[in-house]
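Enquirer: What follows is a single structure, and I will ask about it in a moment.
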Amino acid sequence: MSLSPGRRKASRPGEDRPGEGRRILLGISAGIAAYKSAQLARLLKQAGHEVRVVMTEGAQAFITPLTLQALTGEAVRTSLLDPEAEAGMGHIELARWAELILVAPATADLMARLAHGHADDLLTTLCLASDAEKVMAPAMNQAMWRQPATVRNARRLAEDGWRLLGPDSGDQACGDVGPGRMLEPEAILAALDDTPGDAAGLTVVITAGPTREPLDPVRYLSNHSSGKMGFALAAAAATLGARVLLISGPVALPTPAGVERHDVESAREMHDAAHRLAQGCHLFIGCAAVADYRAETPAEHKMKKREGEHTLTLRLVKNPDIIASIAAREDRPYVVGFAAETRDLEAYARDKLARKGLDMVVANDVSRAGLGFGADDNAALLVWREAGATDQRTLPPQPKSQLAMAVVRQAIDRLRAAPPS
Ligand code: PMT
């Protein structure tokens, strides 16, 4: 498939002044993650950016303006109706000053107000009044993040041009576990360098989660995939500006902002959706844990326990190999497969690369505690087809959101460099 040559990059105001940082307005809203904003402000300053901070009233219950003032060397703005502050730099001037507005943490309430165009405090007013690039790092309880209202608001904000970084998944300050944790300041800083236009013009199809293979109307064969890795890949590709089509097996995860989701259950449904959506796509990433086998003839009615029989024999037949069949298409996209292994990572990864006709394989060791299936972190070994046996890259343990960005970046770089087929 041919691609327009060269990488298209969105121009940013700071790029006009090479060597200089950008003028960043850091907005802090009322979440417990606000304590991390102090470190974020510090890192932004260290990276050479000019930083001014605006805090909502609620944010000041979590961290004081004085802390941010000490770290940035600038007075912190907290109120829209503050004559003294307005006499210095009026809010419209401040809105024009900013090249980038970064809201971290962005609470569910702030997201709702921004999604609906409110201007009822200084931060929302500045966001509405500014043409700057806008980025937010959501942070909230996992149940709030999953609510349809928040999902709607996140989608609307992405449509309005906001770039959403995260949230991460894992232990939360309230004791819950799930998606909603603010990205770590280091990850936010790194993500600011992810040029949103890097994947512009590309369509990416991603499979995620497990498949379910029915045995009878109430039972099925499946596996422990949570979908976290595949959803993180989808979020990363969308962040980079790609059109993302996510084919998901049954999982309990909200759709990442800006991603088009297609839900399926069985491997055969996933296979059909993959071929329908792969038409004209540039990059296909198979992260789903697809069941290799299904029941040859699922029972029409619930199977009953048979008296006197201690065993039950199920006859299974092979499912189609989705990724191998995508790689075998005449109009094949660049194809990236995953390999879930418990030993000999590199050997099995290279075997899959060759046997399935893939361009790149992301091999993860699913026997390591805290990584792989269901975990919030992962580590991987990347190998490629076109390169020599020594060309590989190790990605150490890290949050799946970060690993996903590294994988997507690698895939896009390779695909851009690949000769048209
Ligand atoms: O979902 P999480 O909880 O976040 O966990 C992530 C993960 C561990 C599931 C993920 O990182 C991962 O490793 N996914 C691939 C799991 C797997 O099924 O590996 P495999 O070695 O069996 O398959 C190799 C490749 O072939 C994969 O790209 C798979 O999507 C694909 N495949 C496999 C069988 C099949 N019938 N069709 C396929 O397309």
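The values are calculated or read from the model by the stated rules, or taken from the named source; none is laboratory data. What you see is a predicted model; the values in this text were computed from it and never measured. All Cβ positions, glycine included, derive from the backbone under ideal geometry; neighbour counts span all protein chains shown. In case anyone asks, the SASA skips ligands and DNA or RNA and just uses the protein heavy atoms, side chains included. Shrake-Rupley method; radii C 1.70, N 1.55, O 1.52, S 1.80 Å.
Enquirer: Given DSSP loops and a limit of at most 10 other Cβ atoms within 10 Å, what is the longest stretch of the chain that contains no such GluC sites (Glu not before Pro)?
Expert: That gives 1-295 as the longest site-free run.
Enquirer: Write down the accessible area per residue of region 10-167 in Å², having rolled a 1.4 Å probe over the full set of protein chains.
Expert: Solvent-accessible surface per residue comes out at 45 Å².
Enquirer: For helix 345-355, what angle does its Cα long axis make with the longest principal axis of the chain, in degrees from 0 to 90 and rounded to 10?
Expert: With both axes taken from Cα atoms, the answer is about 70 degrees.
Enquirer: Roughly what angle does helix 148-159 make with the longest principal axis of the chain, taking Cα atoms, 0 to 90 degrees, to the nearest 10?
Expert: Long axis of 148-159 versus the principal axis of the chain: about 70 degrees.
Enquirer: Angle between the Cα long axis of helix 400-417 and the longest principal axis of the chain, 0 to 90 degrees, nearest 10?
Expert: Compared with the principal axis, the helix lies near 80 degrees.
Enquirer: Give, rounded to the nearest 20 debye, the magnitude of the charge dipole that the chain has about its Cα centre when Lys and Arg contribute +1 at Cβ and Asp and Glu contribute -1 at Cβ.
Expert: Computed charge dipole of the chain: roughly 960 debye.
Enquirer: With N set to the residue count of region 23-192, report its C-alpha Rg divided by 2.2 N^0.38 Å to two decimal places.
Expert: Computed over Cα atoms of region 23-192, the ratio equals 0.96.
Enquirer: Now for a separate question. Within region 333-421, report the trypsin sites (Lys or Arg not before Pro) that DSSP leaves as loop and that have at most 13 other Cβ atoms within 10 Å.
Expert: Within region 333-421, the qualifying trypsin sites (Lys or Arg not before Pro) (loop, at most 13 other Cβ atoms within 10 Å) are 343.
Enquirer: Sticking with this one: Write down, largest first, the equivalent ellipsoid semi-axes of the chain in whole Å, where each equals the square root of 5 times an eigenvalue of the alpha-carbon gyration tensor. Spell out each step's value before the answer.
Expert: Details: eigenvalues 369, 125, 67 Å².
Square roots of five times the eigenvalues give 43, 25, 18 Å.
Enquirer: With both bridge residues required to lie in region 23-192, what share of the DSSP beta bridges run antiparallel, to the nearest 5%?
Expert: 20 percent
Enquirer: What does the extension gain come out to for residue 418 and residue 64, with contour length at 0.36 nm per residue minus their alpha carbon separation? Numbers along the way, then the final one.
Expert: Working: separation 354, 0.36 × 354 = 127.44 nm, distance 5.12 nm.
My answer for the length gained is 122.3 nm.
Enquirer: Please work out the C-alpha center-to-center distance from region 78-109 to region 185-243 and express it in whole Å.
Expert: 34 Å
Enquirer: Taking 0.36 nm per residue of separation and subtracting the Cα-Cα distance, what length does fully extending residue 39 through residue 112 add?
Expert: Numbers: separation 73, 0.36 × 73 = 26.28 nm, distance 2.58 nm.
Full extension from residue 39 to residue 112 adds 23.7 nm.
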